[in-house]
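Q: Below is the structure I would like to discuss, written out as structure tokens.
FYI, it's all coordinate maths here, none of it is from the lab. Predicted model only: the values in this text are computed from it and were never measured. Here the Cβ is made from the backbone with ideal geometry for all residues, glycine too, and neighbour counts use every protein chain on show.
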Amino acid sequence: MAINYIIRENPLLALIASNEIEVLRGYPTLEASKTELSVTSKYKIPWDKINDARKAFLGYNKSENGAFVQYKPYKLEFVGENVFADKFNSIPMGRMADDCFDITGRYDFAEVTVTFKPFSVGSASLGGGGGSQPNVYDESFDPITTFEVDPGIGIFWDAAQKEAVPSDKVPNKRITRGIWTLDYPDLPGMPDGWDTWAGALNSDAIDRTDEFNIKFAPQTLLISGVRCRVGTSPDGAKLITMSFSAEYNRFTWNKLQRKTGDDPVQVFDNAGVVKKIFPTEIDLGNALPGI
């Protein structure tokens, strides 16, 4: 499924700028460390405007004509930093209405605490990118080292070479590979065929030069796992998250190394035809949203 993302200005932002919402004295405040930065602000908001205010600050998602539309969260400019609304907490303020028989209660106002953070994955990232393609995932690449046995090598437990080390105990080949992962926190739908991806290879090159200075050549990514979860957003909309992982082998997964020091080569079946150890391939560039 080709997922069409659209970013729009939030029509509820005018509420924040109106005289209905009051910034409480002493706010905003800034908290920072070497690795993190956050801004906190408190507001006095009419009780009957709480839900609209939540959407105005945090933004919200809608599905419109097959497209995934995200309305931007509120951006706050504070002491030279651009930060985006990330959390919204409210507590009652003022007198409960005399005629209120609702068990949830209805008050005059709410004291709302909004936490702002810099551009990051999730709803804030979609509002802060400024480009046509939002950042809709969190991505990582982890190099790993594995050891493989080479039965063709002869090593011994003793200098006299009388007691050979069994071939299954010789981790003489160190293979450097990598794990590529993508985590999608908010998708409008599941990509087509996602449940059949495990065990398949990438059919086309995937360029991640800007991200990790790596370009994944065809057949170098073996999909090791795909996990989708379905939940519900605060607005009652379906919320889909997906985790994707693939193991990278720069020599490709359809070639074998004959002996230590040699580059991996193709292998053939008993009919002399090139044998594909992993025959299934998919175009990840089109299958994965945002890639």
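Q: Checking the table Lys42/Lys238; Lys87/Lys117; Lys62/Lys87; Lys55/Lys87; Lys117/Lys238 against a 21 Å threshold on Cα-Cα, which pairs fail? Before the final figure, lay out each step's value.
A: Numbers: Lys42/Lys238 30 Å; Lys87/Lys117 9 Å; Lys62/Lys87 19 Å; Lys55/Lys87 11 Å; Lys117/Lys238 25 Å.
Check vs 21 Å cut-off fails for Lys42/Lys238; Lys117/Lys238.
Q: Among Tyr60, Tyr27, Leu12, whose Cα projects farthest towards the positive end of the dipole of the range 3-68, with charges put on the beta-carbon of Lys, Arg (+1) and Asp, Glu (-1)?
A: The residue sitting most towards the positive pole is Tyr27.
Q: How would you rank Arg229, Arg25, Arg54, going from fewest to most other Cβ atoms within 10 Å of each one's own Cβ?
A: Arg25, Arg229, Arg54
Q: Let me ask you something else. Could you name the aspartates and glutamates whose alpha carbon sits less than 19 Å from that of Lys34, not counting residues in the same chain fewer than 8 places away?
A: Glu81
Q: Okay, next question. What's the exposure ranking of Met93, Met242, going from fewest to most Cβ atoms within 10 Å?
A: So the residues, fewest neighbours to most, are Met93, Met242.
Q: Now, a different point. Across the range 13-25, in residue order, what do the Karplus-derived ³J(HN,Hα) couplings come to in whole Hz, using 6.51 cos²θ - 1.76 cosθ + 1.60 with θ = phi - 60° and x for Gly and Pro?
A: Using θ = phi - 60°, the values come out as 4, 4, 4, 5, 7, 7, 7, 7, 10, 10, 7, 6, 4 Hz.
Q: Okay, moving on. Once both labels are modelled 7 Å past Cα along the beta-carbon direction, what's the Ile277-Ala67 spacing in nm?
A: Inter-label distance under the simple model: 4.5 nm.
Q: In addition: Which of Thr113, Thr145, Thr35 has the fewest other C-beta atoms within 10 Å, and how do the rest follow up to the most?
A: Lowest count first: Thr35, Thr145, Thr113.
Q: Also: Tell me which lysines have Cα within less than 21 Å of Lys276's Cα, excluding those fewer than 8 residues away on the same chain?
A: Lys255, Lys259
Q: May I ask which residue of Ser243, Leu222, Ala271 lies farthest towards the positive end of the charge dipole of the range 182-291, with charges of +1 (Lys, Arg) and -1 (Asp, Glu) on Cβ and the Cα centre as origin?
A: The one lying farthest along the dipole's positive direction is Ala271.
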